[in-house]
1. Can you sort B:Glu148, A:Glu168, A:Glu99 by solvent-accessible area, 1.4 Å probe, largest first?
2. Classify the protein assembly as shown from the C-alpha gyration tensor, please: rounded if a/c falls under 1.5, else prolate or oblate depending on whether a/b exceeds b/c.
3. With all protein chains present, how much of the accessible area of region B:51-191 (probe radius 1.4 Å) comes from carbon and sulfur, to the nearest whole percent?
4. Averaging sequence separations of C-alpha pairs under 8 Å and six or more residues apart, then dividing by the length of region A:1-137, give the relative contact order as a whole percent.
5. Taking only protein heavy atoms into account and a 1.4 Å probe, give the accessible area per residue of the protein assembly as shown in Å².
6. From Cα pairs below 8 angstrom and at least 6 apart in sequence, can you work out the relative contact order of region B:1-99, rounded to a whole percent?
7. Separation between the A:Val65 and B:Thr172 pseudo-spin-labels, each 7 Å from Cα along Cα→Cβ, expressed in nm?
8. Helix-only estimate, please: 222 nm mean residue ellipticity of chain B, summing -39500 (n - 2.57) across DSSP H runs of length 4 or more and dividing by its residues, to the nearest 500.
Amino acid sequence: MAETRLTTHDSKIEGNVIFTRFDAALNWVRKNSLWPMPMGLACCAIELMATAASRFDIARFGAEVMRFSPRQCDVMIVAGTVTYKMALAVKRIYEQMPEPKWVIAMGACASTGGMYRSYATLQGIDQLIPVDVYISGCPPRPEALLAGLMKLQEKISRERSFRNQMPELVERFEEALS
Amino acid sequence: MTREEAVALLNKSFGGKIQSKTKFRSETTYTIAANDLREIAKFSRDELSFDYLIDITSIDNFGEEPRYAMVYHLYSMQLGAHLRLKLKVPEEAGVVDTVSDIWPTANWHEREAYDMMGVGFNGHPDLRRILMWDGYPYFPLRKDFPLEGLPSEMPDVAFTKATPLEGGPFVTIPSTAGSRDREPRARPPEL
């Protein structure tokens, strides 16, 4: 027969309860499962592919799920030269990604236009969309991309994500608590 | 038919229409009048077996008259020989006859020449821009078009801005000096 007892201490759940800030837990979840949008536009995309392949294995950082639909992506990796002809398409794909979203500008071209100082090339994707991490190199090695990804993870872990995402809810919480 | 015979046949058939002939490393270049292009092109393909149009290039001799030149690079699979046809296009005319019905590959080559240089083609079936977008107002390979580009705007299609050159363009000096002296840098124009 089942019996209910009042206890002050339950040894069965000890060690399974974690106290943390909600933001920290949310950020931890987010940063370890970044689904990239592979915006491969030039030779950087080859390095991006190498990063995803077995030798460098971006899956070690939880970002192996390259999604070819922007609706399912968290981070856009702009890998390559952004021409003016492609620029608004990149912006459109970025806008189709659901919040929260981040952008990595991979390589010299995506960051600044690189060696293409000419009429046809957008001088850095940050002229159109906000960039979180810039990676130098032409093209950057896979290690550099992984380092950039880790920088982005650090950045995400410092975000006040709950407050940024739902300011009204936070306000109501604080009102109720005060 | 050998290569020499083909050249001799062309000379014989169009002797009066060939303005000049140069030979460099066994490749022959003929300068012809723009009006004779189609006739000579047809003859080169049908009689001389130049069945492959490798490329069409356009040249802007800015400041000279006539301003533009078109170069047709032909190759004969049968002869293993190259032939180049070169013709001048004055700026006010700005058009040449299409050869896209003679060599279908010319279709896109001519679209590219139109896109980059603004040279038109009479009788082309589909003369649209091929690299830049429809509505881009400039022809970027013209010598009077600045390297940094010019601002333009087509809402929802594309825009361009002038590029900061920071003292450029960045020029490499070919020499046997060390890489520090040769590397691409902004150089004063007198160098």
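1. Ranking B:Glu148, A:Glu168, A:Glu99 by accessible area, largest first, yields A:Glu99, A:Glu168, B:Glu148.
2. Taking the square roots of the gyration eigenvalues as a ≥ b ≥ c, the protein assembly as shown is prolate.
3. 53
4. Reported relative contact order: 20 percent.
5. For the protein assembly as shown, the solvent-accessible area averages 58 Å² per residue.
6. 27
7. According to this spin-label approximation, the distance is 4.4 nm.
8. -5500 deg cm²/dmol
The values are calculated or read from the model by the stated rules, or taken from the named source; none is laboratory data. Note that the structure is predicted; figures quoted are calculated from it, not measured. All Cβ positions, glycine included, derive from the backbone under ideal geometry; neighbour counts span all protein chains shown. These area figures cover heavy atoms from the full protein model, side chains too; ligands, DNA and RNA do not enter into them. Shrake-Rupley method; radii C 1.70, N 1.55, O 1.52, S 1.80 Å.
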